[in-house]
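The values are calculated or read from the model by the stated rules, or taken from the named source; none is laboratory data. Quantities reported herein were computed from a predicted structural model and do not represent experimental measurements. For neighbour counting, all protein chains shown are included, and Cβ atoms are generated from backbone atoms with ideal geometry for every residue, glycine included. Remember, those area values only see protein heavy atoms, side chains included, never the ligands or the DNA or RNA. Shrake-Rupley method; radii C 1.70, N 1.55, O 1.52, S 1.80 Å.
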Amino acid sequence: MPENILEKIESLPPLPKTIAEIEEYRQKRDKEAFELLKIIEKDALIISTLLKVSNSAMFGFRSKVETPSRAINLLGINFTISIAIGGTVQNLLKANLSAYGINSDDFMRVSNMATTLTNLWLSKVSFDLKEELILPSLLQEAGKFIVADILELEGKTNEFKALLRQGKSTAQAEKEILGLSTSEITARIFRHWKLSDTLINSIEFVDDVSKADEAYKQRAQILDVVKTACEVTAPLSDDNVNKAIEKAKAYNLDIKSLENAIEKLEDRLLDEQV
């Protein structure tokens, strides 16, 4: 890994104690909602993020969610964990994302779109896969904060944007300029923070699925499809949706459930604009 990227990752602050407790809780076989509530109630940022996300039209809840306990009941334990970790990770990594033409709020919104798409799609395919991939689908683009920061520091933001205008994907442009793509950088960040091997292995080769270990290949394929559909520069654009469906066909994944999930998510996003 290039020295400048490695130094940037190794200088990151440690995860707060609350996230360490959530990660320990996440590994438990039997999880009780009240235990999770006791952990997240200690962290005002997590509570604020959880309520903000819960009240997005993306989730389609009929009435306002005003308490963390109701949010947990409506979202479920794994979704709540994902939002808690995702919001904290974004806060620790925060950087100017102008290289991608977005800001931090845009990033969080697209990350939530990716998680919701994963949930809607996989709930019709495999409960176990859905539960395993909700968190990585939310976190897999976290490395973009490091990428954007390095591009800015090295004066390469305009060069990067020019590659995007030429039609390169963000992963292709990242690789061309930095030699690495987001998925590899995200995996390295999570190793630095000692997050779970399953999370890291699911994400690391999303941008080059052929390199993924056989045990994690299907997960990487699904995350690649979700990432393509919810590409940060143009989430759920016709072009990106078509590319995602083509990838799903090539990977021999469930196309009908994917198309239905995309349609349902698009309907929710339209309701959000009303």
Entirely in segment 172-247, the helices (runs of 4 or more DSSP H) that have 1 or more residues that are farther than 21 Å from Asn78 by Cβ: 182-192, 217-229
Residues that are closer than 22 Å to Ile19 by Cβ and open to solvent by 20 Å² or more (accessible area, probe 1.4 Å), drawn from segment 90-130: Gln90, Asn91, Leu92, Lys94, Ala95, Ser104, Asp105, Met108, Arg109, Asn119
Answer from Leu133, Leu151 - the residue that is closer than 22 Å to Glu246 by Cβ, open to solvent by less than 10 Å² (accessible area, probe 1.4 Å) and either in a helix (DSSP H, G or I) or acidic (Asp, Glu) (or both): Leu133
Any hit, segment 3-13, residues being farther than 19 Å from Gly86 by Cα, outside any loop (DSSP other than H, G, I, E, B) and of a type in the set (A, V, I, L, M, F, W, C): yes
Residue tally, condition within 16 Å of Asp30 (Cβ to Cβ) and open to solvent by 10 Å² or more (accessible area, probe 1.4 Å), over segment 73-87: 3
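Tell me which residues, restricted to segment 20-38, are among the aliphatic types (A, V, I, L, M), within 22 Å of the chain's Cα centre (by Cα) and open to solvent by less than 40 Å² (accessible area, probe 1.4 Å).
Filtering segment 20-38 for residues among the aliphatic types (A, V, I, L, M) gives 20, 22, 33, 36-37.
Imposing the further condition that a residue be within 22 Å of the chain's Cα centre (by Cα) reduces the set to 20, 22, 36.
Within segment 20-38, Ile22, Leu36 qualify.
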Total residues in segment 19-58, condition touching a Leu at 6+ places or on another chain (Cβ under 9 Å) and of a type in the set (S, T, N, Q): 1
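Just give me the residues in segment 35-88 being hydroxyl-bearing (Ser, Thr, Tyr) and part of a loop (DSSP other than H, G, I, E, B), in sequence order.
Start the filter on segment 35-88 by keeping residues that are hydroxyl-bearing (Ser, Thr, Tyr), which leaves 48-49, 54, 56, 63, 67, 69, 80, 82, 88.
Matches in segment 35-88: Ser56, Ser63, Thr67.
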Hey, Ser11 polar (S, T, N, Q), over 30 Å from Ser181 (Cα atoms) and over 15 Å from the mean Cα position of the chain (by Cα) or not: no
Subset of segment 1-19 (residues that are hydrophobic (A, V, I, L, M, F, W, C) and open to solvent by 60 Å² or more (accessible area, probe 1.4 Å)): Met1
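Per-residue answers, yes or no, for (1) aliphatic (A, V, I, L, M); (2) on the phi < 0 side of the Ramachandran plot; (3) open to solvent by less than 20 Å² (accessible area, probe 1.4 Å):
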site: Ile189; (1), (2), (3): yes, yes, yes
site: His192; (1), (2), (3): no, yes, no
site: Ile200; (1), (2), (3): yes, yes, yes
site: Val209; (1), (2), (3): yes, yes, yes
site: Ala215; (1), (2), (3): yes, yes, no
site: Gln221; (1), (2), (3): no, yes, no
site: Pro235; (1), (2), (3): no, yes, no
site: Asp239; (1), (2), (3): no, yes, no
